[in-house]
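J.: Shown below is the structure under consideration.
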Amino acid sequence: MNLPLEHTALAVVGAGPAGLCAAVEAARSGVPVVVLDENERAGGQLFKQVHRFFGSRRHGAGKRGYEIADDLIAECLRAGVDIRLGSSVIAFFPEGELMVDGPGGVYLVRPQAVVIATGASEKTIAFPGWTLPGIMGAGAAQTLVNVHGVLPGKRVLIAGAGNVGLIVSYQLLQAGADVVGIVEASHGVSGYEVHLDRVRREGVPIYPGHRIISARGRDGLEAVVVKDLRGGRTVLFEADSLCMAVGMSPMAELAAMRGCRMVFREELGGFLPWHDEKMRAGLQGVYVAGDAAGVEEASVAMEEGRMSGISAAEEMGSMKKRQAAARRAAVSRRLADLRRGPYGEARMAAKCSLYCA
Amino acid sequence: MDLRVGRHAVLGEMEGGKLVTIYVDGVPLKAREGEPIAAALYAHGIRTTRYSPRLGEPRGPFCMIGRCTECAMTVDGEPNVRTCMTAVRDGMRVDTPGRPGE
Ligand SMILES: Cc1cc2nc3c(=O)[nH]c(=O)nc-3n(C[C@H](O)[C@H](O)[C@H](O)COP(=O)(O)OP(=O)(O)OC[C@H]3O[C@@H](n4cnc5c(N)ncnc54)[C@H](O)[C@@H]3O)c2cc1C
Ligand code: FES
């Protein structure tokens, strides 16, 4: 089979915040960049998010996710980045070629360097009835509501009281669904106070220390049986939708296929490609960034993206060593600022365990 | 059942695309041009996209980003099409694989 072959300097896989920031950094220093994303829209998770972000002004705090995405896309286009949508990268061969399934068919790209910024996928938990229609990932529900304007159901139960569970609950309320409760197996709520307050104010009951036992329904979800882990009492929720917000894991199959070493870090969502502080994944010309390099948050993804873009530009000779070092130092400082608080510190420690001497 | 969001608190009116007709197991259904098939089905309260081949259990969209393949249906005769990633087209035929009595 003879597929069309294209050469390029830098190929970025994934047009989420990480990929777009990598592309901007490299393109501004003169590297020709192609960004490939299988979606019809650039922005990754950002364009599904209608809430205002937290963090520093620099990372778009106060803006809504899709607004941050629009700014990044505009920056990329100004820097001359070639963003190709509807383009799935279906292979990354050990020889360094990418196989792309694009609108015009399948082709190969041979880049000098690749940034893998493919994001994360949602985890789930299994219980009797977990395959019933009406049960979906919270991110899936978010896509349905915020992108397609369709509710996942009228009465929604949320599993998981982390940030994603809380935010999706609020977004479902905004769209007119009835959120009948948020169940959480651990005894505390790990999401931010602000998100928690918003759902509380809307009167959504939160059930820490409760575990899902089973889901019932004939042709689709009708009810969810939940057990109170302290008292042992069971509670029945009538619901036509159950959204699972029980964590995400890095999606970095392409790195594994290329031959990168995969390591397991619970705090970062599971298996991820080993990488150093410069976001180099241990093989010549291979970089990772964002959730694919460990699940954190959008602001971290942006900084890691910048880091990988700077490193790639330096190694391709488009950025001077000293300039690259100075820029990386600034990014490192901002990353350290972002990885604060009990969860941030745990993630920082997990990252550090990869490369700190 | 209608699960469409009319007015959204942040996004405003969510009217979007002109209406087209698709045929789901032969039954005509209104959909909005450009939306994925799975979203159009959900909007009408249709949550089952296929039946599992061995046990005949109903399955429905789970990830909405083309990863889990639970939403795979037969579209215009082509099997295993991920309906969360495929936009509706006027006159499209969408069939539920493994439907009892099929
Ligand atoms: C409900 C929710 C609320 C959130 N709220 C916040 C918040 O308030 N603040 C915050 O900082 N963070 C928040 N986040 C987290 C943030 O959205 C993510 O951490 C961030 O989007 C990760 O960026 P990324 O670029 O690594 O990946 P993504 O944004 O996931 O982008 C990855 C991209 O890669 C593409 N892709 C994947 N595989 C391929 C392939 N093989 N070929 C081609 N393209 C591919 C995908 O289509 C996607 O566009 C939230 C997340 C969720 C789910
Ligand atoms: S819903 Fe998962 S692939 Fe379509």
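None of the figures in this text is laboratory data; all of them are computed from the coordinates on show. Note that the structure is predicted; figures quoted are calculated from it, not measured. Here the Cβ is made from the backbone with ideal geometry for all residues, glycine too, and neighbour counts use every protein chain on show.
J.: How many nm is it between the label spots at A:ILE90 and B:ARG67, if each spot is 7 Å from the Cα in line with the beta carbon?
T.: About 2.0 nm separates the two model spin labels.
J.: With a 10 Å cut-off between alpha carbons and a GNM built on chain A, which of A:TYR107, A:TYR287, A:TYR66 moves the most?
T.: A:TYR107
J.: Let me ask something else. Let me make sure I get this right: for the range A:124-244, a, b and c are the square roots of the gyration tensor eigenvalues over alpha carbons, sorted descending. Under 1.5 in a/c it's rounded, otherwise prolate if a/b > b/c, else oblate. Which is it?
T.: oblate
J.: Rank-order A:184-195, A:127-138 by packing density, defined as the average count of other C-beta atoms within 10 Å over each peptide's residues, highest first.
T.: A:127-138, A:184-195
J.: Determine the shape class of the range A:27-159: with a ≥ b ≥ c the square roots of the Cα gyration tensor eigenvalues, call it rounded for a/c under 1.5, and otherwise prolate if a/b is greater than b/c, oblate otherwise.
T.: Oblate, because a/c is 1.5 or more while a/b does not exceed b/c.
J.: Here's another thing I want to ask about it. Quick one: 3J(HN,Hα) in Hz for the range B:29-41, Karplus 6.51/-1.76/1.60 with θ = phi - 60°, rounded, Gly and Pro as x.
T.: Here the 3J(HN,Hα) series is 9, 7, 9, 9, 3, x, 7, x, 3, 4, 5, 4, 5 Hz.
J.: Something else: Set Lys and Arg Cβ to +1 and Asp and Glu Cβ to -1, take the dipole of chain B about its Cα centre, and tell me which of B:GLY56, B:GLY34, B:VAL24 lies farthest positive.
T.: My answer, from the dipole projection, is B:GLY56.
J.: Let me ask another. Quote the relative contact order of the range A:183-297 in percent (integer), defining contacts as alpha-carbon pairs under 8 Å separated by 6+ residues.
T.: The value is 15 percent.
J.: Return the distance in nm (one decimal) between the two label points of a simple spin-label model at A:ASP219 and A:TRP130, each offset 7 Å from Cα along Cα→Cβ.
T.: Spacing of the two 7 Å Cα→Cβ label points: 2.6 nm.
J.: So, one more: When only C-alpha pairs under 8 Å and at least 6 residues apart count, what is the relative contact order of the range A:228-357, in percent?
T.: Computed over the range A:228-357, the figure is 19 percent.
J.: I'd like the antiparallel share, as a percent to the nearest 5, of DSSP beta bridges with both residues in the protein assembly as shown.
T.: The antiparallel proportion sits near 55 percent.
J.: Something else now. Find the centroid of the Cα atoms in the range A:93-114 and in the range A:126-147, then give the distance between the two in whole Å.
T.: Measuring centre to centre over Cα atoms gives 32 Å.
J.: If you don't mind, another one. Need the C-alpha centroid separation for the range A:172-211 versus the range B:43-91, integer Å.
T.: About 30 Å separates the Cα centre of the range A:172-211 from the one of the range B:43-91.
J.: Here is a further query. Using a/c under 1.5 as the rounded threshold, could you call chain A rounded, prolate or oblate? The axes a ≥ b ≥ c are square roots of the C-alpha gyration tensor eigenvalues, and prolate needs a/b larger than b/c, oblate otherwise.
T.: prolate
J.: Sticking with this one: If you count, for every residue in A:137-144, the Cβ atoms of partner chains within 10 Å of its Cβ, what is the mean?
T.: 5
J.: Turning to a different aspect of this structure: When the dipole is taken about the Cα centre of chain B, and only Lys, Arg (+1) and Asp, Glu (-1) are charged at their Cβ, what size is it in debye, to the nearest 20?
T.: The dipole magnitude comes to about 200 debye.
J.: If you don't mind, there's one more thing I want to ask. Relative to the first principal axis of the alpha-carbon coordinates of chain A, what is the inclination of helix A:17-28, with its axis defined by its Cα atoms, in degrees from 0 to 90 and to the nearest 10?
T.: The helix A:17-28 is inclined about 20 degrees to chain A.
J.: Mind checking the dipole of the range A:28-157: about its Cα centre, +1 per Lys or Arg Cβ, -1 per Asp or Glu Cβ, Debye to the nearest 20?
T.: Charge dipole of the range A:28-157: 700 debye, to the nearest 20.
J.: Can you compute the helix-only [θ] at 222 nm over the protein assembly as shown? Use -39500 (n - 2.57) per DSSP H run of at least 4 residues, normalise by all residues, nearest 500 deg cm²/dmol.
T.: -8000 deg cm²/dmol
J.: Okay, moving on. Students often forget the sequence filter, so: which lysines lie under 30 Å Cα-Cα from A:LYS320 once same-chain residues fewer than 8 apart are removed?
T.: A:LYS320 reaches A:LYS278, A:LYS351.
J.: Below 8 Å between Cα atoms, with a sequence gap of 6+, how large is the relative contact order for chain A in percent?
T.: Computed value for chain A: 19 percent relative contact order.
J.: Please report, in debye to the nearest 20, how large the charge dipole of the protein assembly as shown is about its Cα centre when each Lys and Arg carries +1 at its beta carbon and each Asp and Glu carries -1 there.
T.: 1060
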